[in-house]
Amino acid sequence: MQHLIEYLVKALVDEPDQVNITEVAQEEATTYEVRVAPSDLGKVIGKQGRIANALRTVAKAAAMKNKRKVYVEIIA
Amino acid sequence: MTAEENGTSLGESEQPVSIDTTELNADQRQAVCLLEEVCVASGLDCAPIVRSLQGAYIYIDLAGSDAHITWGRMGHSLDALQFLCNLIISHRVSTDVRIVLDSDNYRQRRAHALEEKALEIAREVKERQEEAEFEPLPSHERRLIHTLLAEDPDITTYSEGDDPDRHVVISPKRR
């Protein structure tokens with residue numbers, strides 16, 4: 001899962017070297033904290049959060065098989 | 001088999017055909033490569049198969065034992081992945097390449113379901129002579145409904161609201 005989020009986020013930004021994904025596992029869910037260069041924030045959030053929401057939807061779908069709840073948070 | 005023949009081969013009993021990757025240009029190959037990398041990164045059993053090419057559009061199926069549960073069933077996961085992939089590919093290539101994703105015949109099943117619902121709502125609108133709204137849908141799905149109901153002389157359709165809440169309204173036509 002982390003690989004998928006990392007791949008997509010790195011492909012969306014101008015500075016892939018500054019992408020950092022942290023996995024925070026809780027009891028019922030896993031949260032992926034996404035950090036990018038400040039200049040790339042718009043590239044992973046999008047207008048009205050459209051890109052961030054698409055990332056969340058894709059992550060949720062990819063976690064269906066393992067019946068795991070996942071959250072994707074963009075950390076500014 | 002040519003791309004043209006491919007685009008029309010929607011018969012349910014027909015075996016799906018795939019395009020030989022040697023027929024693709026460099027930018028189209030980039031699109032396939034992107035989907036291959038996405039599938040590998042997901043750790044799931046799925047892989048892209050090119051079904052047809054129509055102008056700028058490249059139709060890609062996600063196949064494999066995990067494709068159904070991940071992309072072929074859950075509401076808008078396919079649209080979300082398609083949106084992200086088109087954003088990414090537009091950065092990577094110079095020509096116009098538009099990726100259209102499908103999995104497990106989701107698009108066709110979804111279209112059938114939407115059409116049935118649209119006809120049902122249209123029937124109610126005519127009976128009650130009152131407007132009715134659809135739930136918010138992406139543009140290509142709204143278009144399906146507008147096209148389907150365009151020839152019905154008793155109703156009109158339009159969309160209102162802004163994405164992601166934009167939705168189709170069906171209203172009775174005064175005669």
Which far-off residues, 5 or more places away or on another chain, put their amide H under 5 Å from the one on B:Q54, with H placed in the peptide plane?
-> B:Y59
Let me know the mean shielding of B:44-53 by other chains, meaning the per-residue number of their Cβ atoms within 10 Å of its Cβ.
-> 1
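Please give the net charge around A:Y32, taking every other residue with its beta carbon less than 10 angstrom from that of A:Y32, where Lys and Arg add +1 and Asp and Glu add -1. Show your work: numbers first, answer last.
Working: positive: A:R56; negative: A:E6, A:E23, A:E33, A:E73.
After counting each charged neighbour, the total is -3.
At a Förster radius of 41 Å, what calculated FRET efficiency corresponds to the Cβ-Cβ distance of A:N66 and B:K173, to the nearest 0.05? Mind showing how you got there, number by number?
On the way: r = 50 Å, r/R0 = 1.23.
Given R0 = 41 Å and the Cβ-Cβ separation, E is 0.25.
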Cα-based Rg and Dmax for the stretch B:25-166, in Å, come out at 17.7, 55
Please get the size of the charge dipole for the protein assembly as shown, origin at its Cα centre, with Cβ charges of +1 on Lys and Arg and -1 on Asp and Glu, quoted in debye to the nearest 20.
-> 360
In degrees, nearest ten, helix B:26-42 long axis to first principal axis of chain B (Cα) = 90
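At 0.36 nm per residue, and after removing the present C-alpha to C-alpha distance, how many nm does the segment from B:A26 to B:K126 gain when stretched out fully? Please report the intermediate quantities before stating the final value.
Details: separation 100, 0.36 × 100 = 36.00 nm, distance 5.16 nm.
That works out to 30.8 nm of additional length.
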Here the equivalent ellipsoid of the protein assembly as shown, derived from its Cα gyration tensor, has semi-axes (largest first, whole Å) of 33, 24, 18
Computed on Cα atoms, the radius of gyration and Dmax of the stretch B:111-172 in angstrom are 10.6, 30
Taking amide hydrogens as modeled 1.01 Å from N in the peptide plane, which residues meet the under 5 Å criterion relative to A:I74, leaving out close sequence neighbours?
-> A:V34
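What does the charge count near A:L12 come to, summing +1 for each Lys or Arg and -1 for each Asp or Glu among other residues with Cβ under 10 Å from its Cβ?
Values: positive: A:K10, A:K43; negative: A:D14, A:D40.
Here the count lands on 0.
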Long-range HN-HN contacts of B:D102 with modeled amide H, under 5 Å = B:I60, B:D61, B:L62
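Can you tell me how chain A classifies by the Cα gyration tensor, rounded, prolate or oblate, using a/c under 1.5 as the rounded cut?
prolate
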Where a Cα-Cα gap under 22 Å defines reach, which lysines qualify for A:K10, not counting those fewer than 8 residues away within the same chain?
-> A:K43, A:K47, A:K60
Lys and Arg at +1, Asp and Glu at -1: neighbours of A:K67 with Cβ under 12 Å from its Cβ sum to +3
For chain A, the longest principal axis of the Cα atoms and the Cα long axis of helix A:2-12 enclose an angle in degrees, to the nearest 10, of 20
So the angle from the long Cα axis of helix A:50-62 to the longest Cα principal axis of chain A, reported in degrees to the nearest 10, equals 30
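Readers should treat all values here as calculations from the given coordinates under stated rules, not as data from a laboratory. All of these numbers come straight from a predicted model, not from anything done at the bench. All Cβ positions, glycine included, derive from the backbone under ideal geometry; neighbour counts span all protein chains shown.
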